[in-house]
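Have a look at the structure below before the remarks.
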Amino acid sequence: MAAKGRTGKAGETARPAKADGTTPCADKLLEDVIDSIPAGFMLCDADDRIVVCNALFREWFFPGLEHELRPGARYEDVLRAFIDSGVSRNGREDADWLKTRLDFHRNPGEPFEHRLQDGRLLRTIEKRTRDGGVVSLHVDMTTLDAHRAKAAHLDVVLEAIDEGISVMDADLNCVASNARFLELLQFPPEFSVPGTPFESFIRYNAERGEYGEGDIETLVRDRVELARQFLPHCFERTRPDGSIIEVRGNPADGGGFVTTYTDITERRRAEEALTEQNERFNAALSNMTQGLTMFDKDRRLVVCNRQLLQLYDLPEHFAEPGTLHDDIIRFLIERGDYRGIDKETYLQDRIAMIAEAKPVTRILEFNNGRAVAVTFQPMANGGWVSTHEDITELQQAQARVAHMAHHDDLTNLPNRTLLRERMEQEIARLHRSKGFAVLCLDLDRFKNVNDAIGHPMGDKLLQAAAQRLRSCVRDTDTVARLGGDEFAILLVSDPSPETAKALAARICDVIAEPFTLHHHEVVVGASVGIALAPQDGSDPDQLMKNADMALYRAKNDGRGVYRFFEREMDARMQARRNLELDLRRALECGGFDLHYQPLVDLKTDTVTGFEALMRWQHPLRGNVPPGEFIPIAEEIGVIVPLGQWVIERACMDAVAWPSHLKVAVNLSPAQFRSETLVLNVFNALAKSGLAAYRLELEITETALLQNNAKTLETLHALRDMGVGIAMDDFGTGYSSLSYLRSFPFDKIKIDRSFIKDLSDRDDADVIVKAVANLSRDLGMKTTAEGVETEKQREIVAAAGYTEMQGFLFSPARPTSEIAELYFPDHVVKQSVA
């Protein structure tokens, strides 16, 4: 620094003079040394007078005031001149600053810093010499201050970064790190001191098990040696607490490396969750039964599943993201998948649907017969999601269900529901049509066929009959099955009475022809009732009711015939309904009674027992014959409880008779099929106290012809109880002889029709004798029913019959008359007892 000395020219350093006024060479050398110091230098003696100062001191503190720095000047005067020059920028009051500075000069302490007017930052260091003087050294800290500011800014940046950062020099010592580094890797605070060796970090981790098990020294050495290679590296480290740190290191210029540490635990968890979600999404897509597509607002494919490719038989490249929706549609149309669709028209329709952005479901039908339901669901971003489901089988199933809802499952004919719908359609057009006819019919003797050869054959008979009925009408007419063996025909092609009559006659003829069913030849008939619209009604229910009444009349007139509805039929049907109601009330109120017809031993002419016969004395109708009310009881389902009442009442009456007399009770087929028959018989015997051998149950062949195994089981259960079993009406059924082989009956009762013909027909005599011989050979008793003449009695007696029964001996009589006529003494004894 250039400055003027007290006596020299400018640029000379103020130097001390000897007493003789000379300056030796040694002083000159000292002066040069002092000027070469890169700092402001001043030396004061014990009296605080300046001894020497260098050029930098004069330049910094007294530019233009060099004369104030002459040797011998008092230090306080120098400071006052310093204040007056305005160089100081310390921001304090001058007096306070002067006092503080003088106190520091006289009692030197810690270094301090102050800034000059030109912005320069000086650091002042003062030391007292041995002789009591003071050496003052002023170092320029301006450049270092800039570095400090930059370092401070760097510290702020480092601490603001969420990643941990460490900087190692070429000697593998840490020269910088931030708090996040210590926090992430859980290092102690003392590791933040610059100069901490890299090995210290490694050893700390090894000792706390960060690197797993193994020799500590080996673990440390290997990692330090690897670090000395200063290679770029990036890896993830899972810490014992489960956190995941991404470590990324890069070599620094001049050696060393900078390493960042990022906590990616949440990111990895999010990625794993996203991966798991994607796997689930892919699994869901792959396992969907429907095809799925997603398109963006530009109608480009985002995603689709394999089911879509399979559903439309699309090539694999159509599943690539970015595929145009229009290209897929064009491919399907050009391949000919759609029926009668113009490519561009269809595309425009689809584009318009997409632009409308409303949920839509459409059914697409393809040339191969498949049907696909496409559900379009728009998204907020202008794209859409669609699902594609093959509903071919569903539609077929729905069609089958719809068909089944309107058709009979056995014959595939329209059922009652569809018949009614078509009748309503015809009624709606009565004003512009000639009307129509309704024919109701059923198969005569169908029940016998069912009983004889079983329900499966009965079903086949119904199917065959349905085919014959179809052949009798035109396609515009309707043949329906109402249930069981009941059918109906809606005649609309030519509904005149003459055509209806001709159709009914043809039906009777066609159904009467024999049916061959699996080696069984079956003969049935048909009875037909006819109602005409509108003259017989303009309501489906009324027309069916009237046709049904005409059918009932046809059956009563001998079956195998047809009848038109007549107004008086309604009155007769009403009377029958009233009879049904009265029958139910009579059962509930005890309106029935039993009469008994004697069974007579043909050898001794003595009574062996009585057959119980039911009687109904109606309060208004009088005596209602069994032949009139029993069929009705069977039809309306009250024959089982009525038959049970007969068994119980007969047992209660018979227990008062002499012990050698038996009571016979008829079982209806429905009663015999009842699951509770055996139990009911047991209860009746137990309740009355009648001995089981005194009860005889008469079973018709019709009852025996159903469910062979179950029938035999029931017969044996009754026989094991001690009850007698008789086959009633023998000779009128289909398989009497087969049952005689299967079950040893106690008695056979030959049907009265054979007894009636004994005097007029020779074949009757032959049958009567044959039955007697058969029974004798099988060890069974025989009873001849309906013996009304002495001639008949003689024939059956001569044939070897055991018993007879009929008006020749006695009609059926009330219980009181039976007792008075046949065992009065017993009655008296019972009365006296």
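Structure notes:
- Residues located in segment 210-237, provided they are in contact (Cβ under 8 Å) with a residue 12 or more places away in the chain, farther than 15 Å from Phe257 by Cα and surrounded by fewer than 11 Cβ atoms within 10 Å (Cβ to Cβ): Phe235
- Here Pro540 meets each of (1) farther than 24 Å from Ala465 by Cα; (2) within 52 Å of the chain's Cα centre (by Cα); (3) without any contact (Cβ under 8 Å) to a residue 24 or more places away in the chain with one exception, condition (3).
- Residue within segment 450-466 that is under 17 Å from Asp541 (Cα atoms) and surrounded by 20 or more Cβ atoms within 10 Å (Cβ to Cβ) present: no
- Residue check for Gln348: in a helix (DSSP H, G or I), farther than 24 Å from Asn287 by Cβ and within 28 Å of the chain's Cα centre (by Cα): no
- Residue match in segment 297-311 (condition: free of Cβ contacts under 8 Å to residues at least 40 places away in the same chain, open to solvent by 90 Å² or more (accessible area, probe 1.4 Å) and part of a helix (DSSP H, G or I)): yes
- Checked against the criteria, Leu443 counts as outside any helix (DSSP H, G or I), within 30 Å of Asn708 (Cβ to Cβ), among the hydrophobic types (A, V, I, L, M, F, W, C) and modelled with pLDDT of 90 or more.
- Members of segment 659-679 that are in a helix (DSSP H, G or I) and open to solvent by 70 Å² or more (accessible area, probe 1.4 Å): Arg673, Leu679
- Filtering segment 516-538 for residues that are in a helix (DSSP H, G or I) and either among the acidic types (Asp, Glu) or in contact with a Cys (Cβ under 8 Å, 6 or more places away or on another chain) (or both) leaves an empty set.
- The set of residues from segment 712-735 being hydroxyl-bearing (Ser, Thr, Tyr), at pLDDT below 80 and under 58 Å from the mean Cα position of the chain (by Cα) comprises Tyr734, Ser735.
- Residue count for segment 523-537, restricted to those that are open to solvent by 10 Å² or more (accessible area, probe 1.4 Å) and within 51 Å of the chain's Cα centre (by Cα): 1
- Leu613 touching a helix residue (DSSP H, G or I) at 6+ places or on another chain (Cβ under 9 Å) and closer than 19 Å to Asp729 by Cβ: yes
- Of all residues in segment 329-345 being in a helix (DSSP H, G or I) and among the charged types (D, E, K, R), the one that is nearest to Asn367 (Cα to Cα): Arg335
- Any chance Glu12 is at pLDDT below 75 and surrounded by 15 or more Cβ atoms within 10 Å (Cβ to Cβ): yes
- Scanning segment 793-810 for residues that are open to solvent by 50 Å² or more (accessible area, probe 1.4 Å) and either in contact (Cβ under 8 Å) with a residue 40 or more places away in the chain or in a strand (DSSP E or B) (or both) turns up just one, Phe809.
Per-residue answers, yes or no, for (1) under 18 Å from Ala691 (Cα atoms); (2) touching a residue at least 12 places away in the same chain (Cβ under 8 Å); (3) open to solvent by less than 60 Å² (accessible area, probe 1.4 Å); (4) in a helix (DSSP H, G or I):
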position: Leu594; (1), (2), (3), (4): no, yes, yes, no
position: Met614; (1), (2), (3), (4): no, yes, yes, no
position: Gln644; (1), (2), (3), (4): yes, yes, yes, yes
position: Met652; (1), (2), (3), (4): yes, yes, no, yes
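- Enumeration of residues in segment 265-289 that are exposed (fewer than 15 other Cβ atoms within 10 Å of the Cβ), among the hydrophobic types (A, V, I, L, M, F, W, C) and part of a loop (DSSP other than H, G, I, E, B): none
- Members of segment 552-574 that are in a helix (DSSP H, G or I) and either open to solvent by 10 Å² or more (accessible area, probe 1.4 Å) or hydroxyl-bearing (Ser, Thr, Tyr) (or both): Tyr552, Arg553, Lys555, Asn556, Arg567, Glu568, Asp570, Ala571, Arg572, Met573, Gln574
- Residues that are of a type in the set (A, V, I, L, M) and either surrounded by fewer than 17 Cβ atoms within 10 Å (Cβ to Cβ) or not in a strand (DSSP E or B) (or both) within segment 598-607 comprise just one, Leu602.
- Number of positions in segment 179-207 that are loosely packed, with under 11 Cβ neighbours inside 10 Å and not in a helix (DSSP H, G or I): 3
- Annotation: Phe610 fulfils all but one of (1) in a helix (DSSP H, G or I); (2) aromatic (Phe, Trp, Tyr); (3) touching a residue at least 40 places away in the same chain (Cβ under 8 Å); the unmet one is (1).
- Test: Val768 is over 14 Å from Met727 (Cβ atoms), open to solvent by less than 10 Å² (accessible area, probe 1.4 Å) and at pLDDT 90 or above: no
- Asp326 falls short on exactly one of the conditions (1) open to solvent by 40 Å² or more (accessible area, probe 1.4 Å); (2) of a type in the set (Asp, Glu); (3) under 24 Å from Val302 (Cα atoms); (4) in a helix (DSSP H, G or I), and that condition is (1).
- Within the option set Glu426, Glu356, Glu389, being at pLDDT below 85 and at negative phi holds for one residue only, Glu356.
- Lone qualifier among Val258, Val247 - being closer than 19 Å to Asp162 by Cα, part of a strand (DSSP E or B), aliphatic (A, V, I, L, M) and open to solvent by 50 Å² or more (accessible area, probe 1.4 Å): Val258
- Screening the candidates Leu443, Leu469, Leu430, Leu491 for the property of being in contact (Cβ under 8 Å) with a residue 12 or more places away in the chain and either open to solvent by 30 Å² or more (accessible area, probe 1.4 Å) or over 19 Å from Ile530 (Cβ atoms) (or both) yields one hit, Leu430.
- Evaluation of Val167 against (1) among the hydrophobic types (A, V, I, L, M, F, W, C); (2) surrounded by 14 or more Cβ atoms within 10 Å (Cβ to Cβ); (3) modelled with pLDDT under 85 (one fails), failing number: (3)
- In the set (1) assigned to a loop (DSSP other than H, G, I, E, B); (2) open to solvent by 50 Å² or more (accessible area, probe 1.4 Å); (3) modelled with pLDDT of 70 or more, the condition left unmet by Arg123 is number (1).
- Ala656 meets each of the listed conditions (1) in contact (Cβ under 8 Å) with a residue 40 or more places away in the chain; (2) crowded, with 16+ Cβ neighbours inside 10 Å apart from (2).
The values are calculated or read from the model by the stated rules, or taken from the named source; none is laboratory data. Every value quoted in this text rests on a predicted model; they were computed, and no experiment measured them. Here Cβ is always computed from backbone atoms with ideal geometry, including for glycine, and neighbour counts include all displayed protein chains. Accessible surface is based on the protein model in full, side chains and every heavy atom, while ligands, DNA and RNA are left aside. Shrake-Rupley method; radii C 1.70, N 1.55, O 1.52, S 1.80 Å.
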